[in-house]
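Novice: Mind looking over this structure? Questions follow.
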Amino acid sequence: MPTESVNSTGKRLRFAARWFALAACAALVLPWWTVQVPLSSFSPFVALCSALATHAVGLIVLLGVPAFVLALFMPRWFCRFACPVGFLQELLGGPHPHAKTRWLRWPFFGRWFLLLTLGGAVVGYPIFLWLDPLAIFSGFFSAWRQPLTAASVCAGLALPVALLFDFLLPKAWCMRICPLGAMQELMVVGRRLVRPRTRCETDGGAEARPRHSQALARRSFLAACVGVTSAIAARKVRGAPPPLRPPGALDEERFTGVCIRCGSCTRVCPTRILKPDLGKHGLAGLLAPVADFDDGYCKEDCNRCGQVCPSGAIERLTLAEKRRRVIGPAVVDLDVCWLAEGKECTACIRACPYEALKVFSDGFDTRPELILSRCTGCGACEAACPVQPRRAIRVVAKPGILPARVKKAEKSGKSD
């Protein structure tokens with residue numbers, strides 16, 4: 001068979017494989033898809049960094065292992081056959097014939113992003129994990145399931161920005177920016193460095209390992225050390241006021257690093273209480289999910305957010321475990337509470353699925369009383385409270401920001 005015919009057949013098969021991969025990726029992020037398998041879980045970059053950061057290897061993390069193994073033997077196979085972002089960039093092409101050569105002298109930023117993230121993952125804060133292409137693709141589709149707000153628009157901009165970047169400089173994103181592509185390259189280089197010498201290499205005097213291997217190792221070690229230092233510094237950056245995170249979320253010091261902003265949790269939340277943060281709680285948590293109880297609450301029979309989190313930022317909890325996890329304490333503002341003002345209102349008490357609220361009366365004052373040991377901070381009371389614009393009961397991240405009258409009541413032992 002002529003070489004030209006073989007090459008043409010190979011190109012058609014590769015093109016068909018890429019269309020199939022794009023359709024499969026789109027199916028996993030569409031809202032009607034019922035199988036809760038996060039797209040980003042198939043990324044070896046996410047799998048490795050999340051395992052290092054969370055010190056756990058779950059079922060979702062294991063989904064990235066096949067791609068990891070294949071990358072050892074097929075250079076950039078994921079980029080060539082499976083990456084939806086790379087395929088969309090390829091379909092768009094570029095406007096200028098000379099644009100393809102503009103980036104050839106650029107440094108390999110993706111390699112630095114990879115090493116910095118791996119170094120940060122060692123101390124629990126993988127800095128650039130959100131640059132994973134599958135997270136970018138998933139985040140775009142997840143963003144538009146939310147009501148159109150500035151936060152949802154920003155959450156969906158990563159994919160258009162990546163496509164525009166590659167439209168102006170074709171293949172620059174894949175070859176110079178993407179950490180997943182850089183990871184596949186380094187895996188192949190590492191396999192070559194550790195392979196045994198052949199007789200030809202030994203007898204002929206040829207170097208069995210590339211001359212730059214020692215320099216590459218030094219640069220890699222330096223980048224990883226910088227990643228560790230940067231991660232330690234980034235973990236100390238916290239916003240104010242502290243945010244409410246989904247049940248089972250890691251502590252705030254690690255959550256903002258491990259979360260990849262893929263939008264999987266916001267997409268599957270049945271009550272739409274999880275929304276991307278637009279920096280209200282600090283730059284470190286930009287576009288990470290926060291809980292908002294204005295129009296709904298965290299249902300006691302739902303644990304979907306943890307089931308679909310591909311990075312381990314939200315722990316996979318059973319329903320029984322989830323009901324014991326506290327998002328934050330609910331507190332009553334007696335200054336605006338209708339029941340405390342003598343009106344007939346028990347909306348929060350009736351709405352609480354954990355029976356953590358009751359009516360307290362000493363013959364003079366009547367008010368809602370919280371049984372703190374039962375409260376999970378699900379937000380049902382806050383969502384049901386009719387007081388506007390400031391709810392009389394709300395869930396907070398820290399007990400230290402309670403209204404003054406509630407603090408006084410707690411100190412006197414009147415609150416449970």
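The values are calculated or read from the model by the stated rules, or taken from the named source; none is laboratory data. Because the structure is a prediction, the values reported are computed rather than measured. Glycine also receives a Cβ, built like all others from the backbone with ideal geometry; neighbour counts cover every protein chain displayed.
Novice: When residues of the range 377-407 are filtered for being part of a loop (DSSP other than H, G, I, E, B), more than 11 Å from residue 332 (Cβ to Cβ) and either out of contact with any strand residue (DSSP E or B) (no Cβ under 9 Å at 6 or more places or on another chain) or at pLDDT below 85 (or both), how many remain?
Specialist: Residues flagged as part of a loop (DSSP other than H, G, I, E, B), more than 11 Å from residue 332 (Cβ to Cβ) and either out of contact with any strand residue (DSSP E or B) (no Cβ under 9 Å at 6 or more places or on another chain) or at pLDDT below 85 (or both) within the range 377-407 amount to 6.
Novice: Sticking with this structure for a sec: For the range 127-138, state whether one or more residues are part of a loop (DSSP other than H, G, I, E, B), more than 17 Å from residue 277 (Cβ to Cβ), at pLDDT below 85 and touching a Phe, Trp or Tyr at 6+ places or on another chain (Cβ under 9 Å).
Specialist: no
Novice: Is it true that residue 259 is over 11 Å from the mean Cα position of the chain (by Cα), within 27 Å of residue 63 (Cβ to Cβ) and at pLDDT 90 or above?
Specialist: Spelling it out, it is not the case that residue 259 is over 11 Å from the mean Cα position of the chain (by Cα), within 27 Å of residue 63 (Cβ to Cβ) and at pLDDT 90 or above.
Novice: Turning to a different aspect of this structure: Identify the residue in the range 371-387 that is more than 33 Å from the chain's Cα centre (by Cα) and within 14 Å of residue 337 (Cα to Cα) and, among all such residues, is surrounded by the fewest Cβ atoms within 10 Å (Cβ to Cβ).
Specialist: 386
Novice: Collect the residues in the range 334-362 that are among the hydrophobic types (A, V, I, L, M, F, W, C) and assigned to a loop (DSSP other than H, G, I, E, B), keeping them in residue-number order.
Specialist: Within the range 334-362, 334, 336, 337, 338, 339, 340, 345, 352, 356 meet the criteria.
Novice: Any chance the range 115-122 includes a residue that's in a loop (DSSP other than H, G, I, E, B), of a type in the set (A, V, I, L, M), touching a residue at least 40 places away in the same chain (Cβ under 8 Å) and touching a Gly at 6+ places or on another chain (Cβ under 9 Å)?
Specialist: No - not one qualifying residue is present in the range 115-122.
Novice: Separate question: Do any residues in the range 307-332 that are acidic (Asp, Glu) have Cβ atoms under 7 Å from those of residues that are in a loop (DSSP other than H, G, I, E, B), where the two are at least six apart or on different chains, and which pairs are they?
Specialist: Correct list of pairs: 315/248.
Novice: Please indicate, with yes or no, whether at least one residue in the range 275-283 is touching a Phe, Trp or Tyr at 6+ places or on another chain (Cβ under 9 Å) and among the hydrophobic types (A, V, I, L, M, F, W, C).
Specialist: Looking through the range 275-283, none of the residues is touching a Phe, Trp or Tyr at 6+ places or on another chain (Cβ under 9 Å) and among the hydrophobic types (A, V, I, L, M, F, W, C).
Novice: Please go through the range 42-67 and pick out each residue that is more than 16 Å from the chain's Cα centre (by Cα), at pLDDT below 80 and part of a helix (DSSP H, G or I).
Specialist: 59, 62
Novice: While we're looking at this one, here's another question. All but one of (1) surrounded by fewer than 16 Cβ atoms within 10 Å (Cβ to Cβ); (2) under 32 Å from the mean Cα position of the chain (by Cα); (3) part of a loop (DSSP other than H, G, I, E, B) hold for residue 321; which doesn't?
Specialist: So the condition that residue 321 fails would be (3).
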